[in-house]
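Nothing in this text is a laboratory measurement; each read-out follows from the coordinates by a stated rule. These figures come from a predicted structure and were not determined experimentally. Glycine also receives a Cβ, built like all others from the backbone with ideal geometry; neighbour counts cover every protein chain displayed.
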Amino acid sequence: MQIRVVSSLDGLVGLKSAWGNLLKGRDYTIFSTWEWLSTWWKHCGNDKKLLLLLAEDNGVVAGIAPLMYSVHRSLGLSSGKIEFVGAPDSDYSDFIVPEKREECLSLFFEYLNLLPEKWNSVDLADIPQNAKCLPFLTRISKNLRLINDCPYLPLPGSYDAFLKMLSLKKRKYVKNGMKRLEQNFDVEIVDCSQPQHFSEGMEILFELHQKKWASAGCSGAFSDPKIRNFHLDIAESFSKEKWLSLLVLRLSGKPVAAEYGFKYNSRYYAYLAGYDPDYSKFSVGNMLFIYIINSLIQQRIVQYDFLRGSEQYKSYWNAISRWNYQALLSRKGAFGGFQYWLYKNWGNGSRVKDVKSLMHFLTLR
């Protein structure tokens, strides 16, 4: 088995067929698809270097390490870092190694240590807790930790069964909420998931999402044109694959809530939502959620994934916790270990409390 490196967008584009064959019939998330990662790289990879590793067995792709390289500065020192393509916008990241897993992963990391790029740390974030690569990473990384809760709801075979999963108080809340909407408005759920409607639906989502966050004094995810264009392209691509879910709640003709998610491998990923805060007294976000749950059950979707974050509304619906892992590794060699230490303690969300900690580390080297 040999390693081949793909470092250009054109090379990535040419992998669509081989990539799809590796994923077909296997339990990977939508964030491991060629469609998601190639589109992300097109819009968000301009300040990074693509480092896509292919493990090839007699010319056939047996495994993919979708990685990228970038340079950061800490305390005046340059530090090269390797991450998964898609970070931090992918809620789940993974190596695509359905077979010959140990051999492929070993080759990937052996190759990384031979790279001419001056990388000092590998930061692999948001690896799902059921990822098949975790046993291998546990052996080679001294820093494997839980980082993000990704709650989910298992969906039963019928809407009535779902309601029975809720407490009596919550069932009354749902019933009374739906009744209030129907008494005060003409209620319409508009499906904008088809190729001819996704553009209109995304514009509604952008407006409602930004309005929601503006009311809280924040800018919102779509304030960045790069992210906005990325999701427009994703919505178009996923609509063609029948992976897009984009539903809008209209009250007497006015869009008041929208949810943007993905359907893949019988699971639903609730990526982003928005609602008009002027209609918050009608719980329009929660009411749209109920409509979506009913629709997903009818489509035989088995799981509603809330994705990253432990927001209160997720626990309200009795979501089950499921955690993502982060694996941190340093390059072999003393200086690589030192710069990795700097990254871990100064550039990755934590901070050394005093200069003595730094001096102590230097004396140990």
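Of note:
- Debye intensity ratio I(q)/I(0), log10, the range 99-150, q values 0.13, 0.21, 0.26 Å⁻¹ (C-alpha model): -0.37, -0.91, -1.20
- Reach of K81 by Cα under 24 Å, taken over lysines that are not fewer than 8 positions away in the same chain: K42, K48, K49, K118, K132, K142, K226, K332, K344, K353
- Between E56 and V13, the simple spin-label model (points 7 angstrom out along Cα→Cβ) gives 2.0 nm.
- The angle between the Cα long axis of helix 198-214 and the main principal axis of the chain comes to about 80°, on a 0 to 90 degree scale.
- All Cα pairs of the range 152-316, percent lying beyond 20 Å: 52
- Ordering of 24-36, 157-169 by packing is 24-36, 157-169, highest average first (other Cβ atoms within 10 Å, averaged per residue).
- Annotation: extensible slack from K42 through V187 equals 48.3 nm (criterion: 0.36 nm per residue apart, minus Cα-Cα distance).
- Lys, Arg +1 and Asp, Glu -1 on Cβ, resulting dipole of the chain about Cα centre, debye, nearest 20: 1220
- Averaging 1/r over every pair of different alpha carbons in the chain and inverting the result gives a Kirkwood radius of 22.5 Å.
- With Cα atoms defining each centre, the range 296-318 and the range 204-277 are spaced 16 Å apart in the structure.
- Cβ-placed point charges (K, R +1; D, E -1), dipole of the range 40-154 about Cα centre in debye, nearest 20: 360
- Restricting the range 71-154 to trypsin sites (Lys or Arg not before Pro) in coil, as DSSP defines it, with at most 10 other Cβ within 10 Å: K142
- On Cα atoms only, tilt of 334-346 relative to the major axis of the chain in degrees: 30
- In plain terms, the chain from A214 to R171 could stretch by 12.3 nm, reckoned as 0.36 nm per residue minus the Cα-Cα distance.
- Across the chain, the mean sequence separation of Cα contacts (distance under 8 Å, 6 or more residues apart), normalised by length, yields a relative contact order of 21 percent.
- Nearest 10 degrees, 0 to 90: helix 225-241 Cα axis against the chain principal axis: 70
- Here's the picture: charge each Lys and Arg Cβ at +1 and each Asp and Glu Cβ at -1 in the range 152-316, and of L155, L247, V190 the one pushed furthest to the positive end of that dipole is L155.
- Cβ-Cβ distance of N113 and K24, R₀ of 41 Å, FRET efficiency by 1/(1 + (r/R0)^6): the value works out to about 0.80.
- Sparse-neighbour loop sites [trypsin sites (Lys or Arg not before Pro); the range 229-319; at most 10 other C-beta within 10 Å; DSSP]: R300
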